[in-house]
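What follows draws every value from the coordinates through simple rules; no lab data is involved. Just so it is clear, the model here is predicted, and its values are computed rather than measured.
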Amino acid sequence: MSIDRATVAKIASLARIRMSDDELDRMAPELSQILDWVEQLGEVDTAGVEPMTAVIPNHLRLREDIINANPLTGGGRRDAVLANAPAAEHGFFGVPKVIE
């Protein structure tokens, strides 16, 4: 794909980038080369390749979500905690609406 000087000037204007005439002339072939490279990537057959999020496979190390049975340091005290709340709604702290 060939990018001319007017197209580079339009892109620079949309991006709010001030470019001199020399920079416009120099940038046109660079952008053309970049778009040619992107077109080359479109020709690669990726039919059997699964999408990846990273080149190196990452596995999250997860732990079980267990409520601590100790009543002093663990969970299971929702009612006791909500007893201190000025407003409790459906098992949660009630707060005033801040967005209209």
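Roughly what angle does helix 21-42 make with the longest principal axis of the chain, taking Cα atoms, 0 to 90 degrees, to the nearest 10?
In the chain, helix 21-42 runs at an angle near 70 degrees to the longest axis.
Principal axis lengths of the chain from Cα atoms, whole Å, largest first?
Its Cα atoms span 72, 44, 21 Å along the three principal axes.
Could you grab the relative contact order for the chain? Cα pairs under 8 Å, six or more apart, rounded to a whole percent.
Working: 42 pairs, mean separation 15.2, N = 100.
Rounded, it is 15 percent for the chain.
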